[in-house]
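First up is the structure itself, then whatever we jot down about it.
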Amino acid sequence: MGARLGGKIAGADDDLTESHEINVTPFIDVMLVLLIIFMVAAPLATVDLGVELPASTATPPPRPDKPVFITVKPDLSVAVGEDIVPRTTLIGALDAATSGKKADPVYLRADKSVPYGELMDVMNLLRNAGYLKVALVGLDARN
(Lines give C-alpha, C1' and ligand atoms only; values in the text may rest on other atoms or scores of the structure.)
Protein backbone atom coordinates (compact mmCIF):
# COMPACT_ATOMS: atom_id res chain seq x y z
CA MET A 1 0.00 0.00 0.00
CA GLY A 2 1.40 3.28 -1.01
CA ALA A 3 0.98 6.48 0.90
CA ARG A 4 1.55 10.10 0.10
CA LEU A 5 3.90 11.70 2.57
CA GLY A 6 3.47 15.33 1.90
CA GLY A 7 4.86 17.74 -0.57
CA LYS A 8 6.56 17.11 -3.82
CA ILE A 9 10.27 16.60 -4.13
CA ALA A 10 11.78 17.85 -7.34
CA GLY A 11 12.29 15.10 -9.87
CA ALA A 12 10.62 12.42 -7.71
CA ASP A 13 7.71 10.38 -8.90
CA ASP A 14 4.94 10.94 -6.42
CA ASP A 15 2.81 8.12 -7.74
CA LEU A 16 3.28 5.61 -4.87
CA THR A 17 0.76 2.95 -5.84
CA GLU A 18 0.85 -0.67 -4.90
CA SER A 19 2.11 -3.12 -7.51
CA HIS A 20 -0.04 -6.27 -7.89
CA GLU A 21 2.33 -8.22 -10.18
CA ILE A 22 4.14 -11.34 -9.02
CA ASN A 23 7.85 -11.45 -9.61
CA VAL A 24 8.21 -14.79 -11.44
CA THR A 25 11.98 -14.74 -11.84
CA PRO A 26 12.66 -16.73 -8.62
CA PHE A 27 10.01 -19.28 -9.61
CA ILE A 28 11.63 -19.77 -13.01
CA ASP A 29 15.01 -20.30 -11.34
CA VAL A 30 13.57 -22.93 -9.00
CA MET A 31 11.79 -24.67 -11.88
CA LEU A 32 15.00 -24.83 -13.92
CA VAL A 33 16.91 -26.32 -11.00
CA LEU A 34 14.16 -28.92 -10.47
CA LEU A 35 14.15 -29.72 -14.19
CA ILE A 36 17.90 -30.36 -14.14
CA ILE A 37 17.57 -32.55 -11.03
CA PHE A 38 14.84 -34.64 -12.64
CA MET A 39 16.76 -34.91 -15.91
CA VAL A 40 19.75 -36.31 -14.03
CA ALA A 41 17.75 -38.54 -11.65
CA ALA A 42 15.27 -40.03 -14.15
CA PRO A 43 17.74 -42.33 -15.97
CA LEU A 44 19.04 -43.59 -12.62
CA ALA A 45 15.56 -44.58 -11.45
CA THR A 46 14.81 -47.04 -14.26
CA VAL A 47 14.62 -50.70 -13.30
CA ASP A 48 14.44 -52.17 -16.77
CA LEU A 49 17.98 -52.84 -17.95
CA GLY A 50 18.35 -53.49 -21.63
CA VAL A 51 21.37 -55.75 -21.77
CA GLU A 52 22.53 -57.59 -24.84
CA LEU A 53 24.56 -60.49 -23.57
CA PRO A 54 27.46 -61.67 -25.68
CA ALA A 55 27.26 -65.04 -27.34
CA SER A 56 29.41 -67.83 -26.01
CA THR A 57 31.62 -69.70 -28.42
CA ALA A 58 32.84 -72.15 -25.81
CA THR A 59 32.13 -75.77 -26.41
CA PRO A 60 29.85 -77.31 -23.81
CA PRO A 61 31.45 -79.69 -21.32
CA PRO A 62 31.26 -83.38 -22.14
CA ARG A 63 28.13 -85.14 -21.05
CA PRO A 64 28.43 -87.78 -18.35
CA ASP A 65 27.81 -91.42 -19.25
CA LYS A 66 24.47 -91.63 -17.42
CA PRO A 67 23.12 -88.14 -16.73
CA VAL A 68 20.34 -87.81 -14.18
CA PHE A 69 17.54 -85.57 -15.42
CA ILE A 70 14.87 -84.03 -13.23
CA THR A 71 11.97 -82.72 -15.27
CA VAL A 72 9.23 -80.31 -14.17
CA LYS A 73 6.31 -80.83 -16.54
CA PRO A 74 3.67 -78.24 -17.52
CA ASP A 75 1.20 -79.77 -15.03
CA LEU A 76 3.90 -79.20 -12.31
CA SER A 77 4.54 -82.91 -11.85
CA VAL A 78 8.17 -83.90 -11.31
CA ALA A 79 9.98 -86.76 -13.00
CA VAL A 80 13.35 -88.34 -12.23
CA GLY A 81 14.56 -89.76 -15.51
CA GLU A 82 11.38 -91.11 -17.09
CA ASP A 83 9.54 -91.91 -13.86
CA ILE A 84 7.06 -89.41 -12.44
CA VAL A 85 7.44 -89.13 -8.67
CA PRO A 86 5.62 -87.06 -6.06
CA ARG A 87 7.63 -84.16 -4.64
CA THR A 88 7.61 -85.78 -1.20
CA THR A 89 9.60 -88.76 -2.52
CA LEU A 90 11.72 -86.80 -5.02
CA ILE A 91 14.91 -86.95 -2.94
CA GLY A 92 14.57 -90.69 -2.32
CA ALA A 93 14.12 -91.37 -6.04
CA LEU A 94 17.06 -89.09 -6.81
CA ASP A 95 19.26 -90.88 -4.27
CA ALA A 96 18.40 -94.17 -5.96
CA ALA A 97 19.15 -92.75 -9.44
CA THR A 98 22.52 -91.28 -8.41
CA SER A 99 23.46 -94.15 -6.08
CA GLY A 100 23.78 -91.59 -3.29
CA LYS A 101 26.55 -89.62 -5.07
CA LYS A 102 25.57 -86.06 -4.22
CA ALA A 103 28.72 -84.62 -5.84
CA ASP A 104 27.59 -85.72 -9.32
CA PRO A 105 25.77 -83.10 -11.38
CA VAL A 106 21.99 -83.27 -11.65
CA TYR A 107 20.34 -81.82 -14.75
CA LEU A 108 17.15 -79.86 -14.17
CA ARG A 109 14.83 -79.08 -17.04
CA ALA A 110 11.41 -77.49 -17.07
CA ASP A 111 8.74 -76.59 -19.56
CA LYS A 112 8.50 -72.93 -20.62
CA SER A 113 5.07 -72.64 -19.02
CA VAL A 114 6.29 -73.65 -15.54
CA PRO A 115 6.25 -70.65 -13.18
CA TYR A 116 9.63 -69.54 -11.89
CA GLY A 117 8.55 -70.09 -8.28
CA GLU A 118 7.81 -73.76 -8.91
CA LEU A 119 11.24 -74.27 -10.46
CA MET A 120 12.83 -72.58 -7.46
CA ASP A 121 10.90 -74.89 -5.11
CA VAL A 122 12.44 -77.92 -6.83
CA MET A 123 15.90 -76.32 -6.73
CA ASN A 124 15.48 -75.63 -3.00
CA LEU A 125 14.53 -79.28 -2.42
CA LEU A 126 17.70 -80.36 -4.22
CA ARG A 127 19.91 -77.91 -2.33
CA ASN A 128 18.45 -78.88 1.05
CA ALA A 129 19.10 -82.55 0.24
CA GLY A 130 22.77 -81.82 -0.53
CA TYR A 131 22.69 -81.78 -4.33
CA LEU A 132 24.69 -78.63 -4.98
CA LYS A 133 25.70 -79.28 -8.59
CA VAL A 134 22.46 -78.51 -10.40
CA ALA A 135 22.72 -77.71 -14.10
CA LEU A 136 19.82 -76.09 -15.94
CA VAL A 137 19.04 -77.60 -19.33
CA GLY A 138 17.98 -75.49 -22.31
CA LEU A 139 17.90 -75.75 -26.08
CA ASP A 140 21.06 -75.05 -28.03
CA ALA A 141 20.37 -71.94 -30.13
CA ARG A 142 23.78 -71.79 -31.81
CA ASN A 143 22.52 -73.36 -35.04
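The values are calculated or read from the model by the stated rules, or taken from the named source; none is laboratory data. Just so you know, these numbers come straight off a predicted model, no measurement behind them. All Cβ positions, glycine included, derive from the backbone under ideal geometry; neighbour counts span all protein chains shown. For the accessible areas, the whole protein counts, side chains as well, though only heavy atoms, and no ligand, DNA or RNA atoms are used. Shrake-Rupley method; radii C 1.70, N 1.55, O 1.52, S 1.80 Å.
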| Once the whole set of protein chains is in place, how much accessible area is left on Ile22, using a 1.4 Å probe, in Å² to the nearest 10? | 130
| query | Using alpha-carbon pairs under 8 Å, 6+ residues apart, how would you state the relative contact order of segment 71-122 in percent? | reply | 41
| task | Kindly report the accessible area of segment 69-138 per residue (heavy atoms of protein chains, probe 1.4 Å, no ligands, DNA or RNA), in Å². | result | 59
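Among Tyr107, Tyr131, Tyr116, what's the order by accessible area (1.4 angstrom probe), most exposed first? Don't skip to the end; give the middle numbers.
Working: Tyr107 45, Tyr131 5, Tyr116 165 Å².
From most exposed to least exposed: Tyr116, Tyr107, Tyr131.
Could you please put Val134, Val80, Val40 in sequence from largest to smallest accessible area, using a 1.4 Å probe?
On the way: Val134 45, Val80 15, Val40 95 Å².
Result of the area sort, largest leading: Val40, Val134, Val80.
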| Could you give the Stokes-Einstein D for segment 69-138 in µm² per second, using the C-alpha Kirkwood radius, 25 °C, 0.890 mPa s? | 206
| message | Can you give the local net charge around Pro74? Use residues other than it whose beta-carbon is closer than 14 angstrom to its beta-carbon, Lys and Arg +1, Asp and Glu -1. | response | 0
